[in-house]
Amino acid sequence: MLVKDIRQQIESLKQKKNALILAHNYQVPEIQDIADYVGDSLELARISQGIKQDTILLCGVYFMAEITKILNPDKTVLMPDQHAGCPMANMITPALLSAAKQDHPKAAVVCYVNSNADVKALTDICCTSANGVKVAESLSEDEILFIPDQYLGAYVSKSLPRKRFHLWPGYCPTHMVFSREGLEKLKEEYPGAKIVAHPECRLDVQEIADRICSTSQMITYAKDSEAKHFIICTELGMLHRLKKENPEKVFIAGSPNAICPNMKLTTLEKILWSLERNEFEITVDEQMRIQALGSIERMLMVK
Ligand code: SF4
């Protein structure tokens with residue numbers, strides 16, 4: 001089937017089933033272009049709460065679809081490929097977290113949203129890459145157990161030196177491909193370019209970056225900056241949105257290998273199949289949902 005025909009069929013099924021498509025910034029361009037909304041996990045979570053459609057089709061990875069279901073228990077949440085997981089989210093389990101809590105009984109648990117619902121259910125508060133510092137700062141506890149991303153945790157802890165952090169050793173494999181050496185070479189080619197890095201990047205990359213920020217903050221930074229060239233250190237899918245929203249500026253990949261294979265499992269064909277069959281539907285155990293919702297809602301209350 002031609003891509004044009006697939007797009008048309010998706011569009012008509014969306015109308016027929018009263019469905020809406022949300023896509024993460026790391027999805028391939030053709031999926032971003034057919035989505036009703038594109039954003040990072042926090043933006044997508046917020047958007048999902050205000051929509052009137054009965055069905056939400058989430059193009060991203062499993063924990064994102066789970067968050068959408070946690071926030072919208074009465075809606076049907078679909079994911080086109082059930083194998084699109086997140087390796088970082090799987091680096092911590094409820095059993096491992098319970099043991100770590102026993103080792104640090106006075107610490108508040110701050111959980112990056114890139115985690116599974118059973119882990120979120122055992123934490124005090126969630127955070128995103130955009131609000132990690134504010135969330136940790138809002139807590140009365142001086143000791144924090146930060147899970148599961150050690151690099152976002154290190155970034156947050158640097159901004160709050162008066163608090164004591166215990167960092168879970170998780171990481172995003174996709175963001176490990178950036179290096180100081182690679183970026184220094186790119187800077188020789190583009191001397192005026194600003195290096196913009198996601199806080200999931202290693203510390204040597206964070207140290208050389210002009211700006212460390214979440215994907216949504218990258219859009220604002222690029223719009224507001226007087227610079228013309230930007231070296232982007234996050235998943236390659238982000239370049240599409242940056243270019244689309246800033247056509248007069250130039251975005252250079254910090255590494256050609258920054259591809260999240262799980263994000264790329266979603267295709268237009270799978271979206272069509274998912275809408276046709278109402279698969280794969282996301283379900284979350286109700287008790288777990290309520291507990292995980294508590295840690296997400298506490299995050300959403302932090303201004
Ligand atoms: S880019 Fe990294 S953190 Fe995001 S889904 Fe892929 S593996 Fe997980």
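FYI, it's all coordinate maths here, none of it is from the lab. Keep in mind that this is a model prediction, so the values were computed, not measured. A quick note on method: Cβ atoms are made from the backbone with ideal geometry, for glycine too, and the neighbour counts reach across all protein chains shown.
What to note about this one:
- Computed helical MRE - 222 nm, the chain, DSSP H runs ≥ 4 contributing -39500 (n - 2.57), nearest 500: -12500 deg cm²/dmol
- Average Cα contact separation per residue, the chain, under 8 Å, 6 or more apart, as relative contact order %: 22 percent
- Cα-projected label distance for residue 99 with residue 249, points at 7 Å along beta-carbon direction, nm: 4.5 nm
- Here the relative contact order of the range 17-79, from alpha carbon pairs under 8 Å that lie six or more residues apart, stands at 35 percent.
- Scaled against the 2.2 N^0.38 Å expected of a compact globular protein of N residues, the Cα radius of gyration of the chain reads 1.00.
- From the Kirkwood radius over Cα pairs of the range 227-303, Stokes-Einstein at 20 °C and 1.002 mPa s returns a whole-number translational diffusion coefficient of 130 µm²/s.
- Listed residue pairs exceeding 24 Å between alpha carbons, taken from 69/106; 14/249; 185/228; 120/194; 52/303: 69/106; 14/249; 120/194; 52/303
- Pair residue 18, residue 159: separation of 7 Å Cα→Cβ label points (nm): 4.0 nm
- Neighbourhood net charge (11 Å Cβ-Cβ; Lys/Arg +1, Asp/Glu -1) for residue 18: +4
- Near residue 167: Cβ cut-off under 15 Å, other residues only, Lys/Arg at +1 and Asp/Glu at -1. The net charge is +1.
- Segment residue 278..residue 140, full-extension length gain: 45.3 nm, with 0.36 nm per residue of separation and the alpha-carbon distance subtracted.
- When the alpha carbon gyration tensor of the range 126-256 is reduced to an equivalent ellipsoid, the three semi-axes, largest first, read 27, 16, 12 Å.
- What the Cα convex hull of the range 81-169 gives, in volume per residue, is 87 Å³.
- Among residues other than residue 29 with Cβ under 10 Å from its Cβ, the summed charge is +1 (Lys and Arg +1, Asp and Glu -1).
- Nearby aspartates and glutamates by direct alpha-carbon distance to residue 75 (threshold 16 angstrom, same-chain neighbours under 8 apart not counted): 54, 66, 279, 281, 285, 286
- Per-peptide packing, taken as the mean over residues of other Cβ atoms within 10 Å, places 142-149, 177-184 in the sequence 142-149, 177-184 from highest down.
- For the range 174-253, the relative contact order comes to 30 percent (Cα pairs under 8 Å, sequence separation of at least 6).
- Along its first, second and third principal axes, ordered by size, the range 199-259 spans 30, 23, 18 Å in Cα coordinates.
- In the range 127-198, the inverse of the mean reciprocal separation of distinct Cα atoms equals 13.9 Å; this is its Kirkwood hydrodynamic radius.
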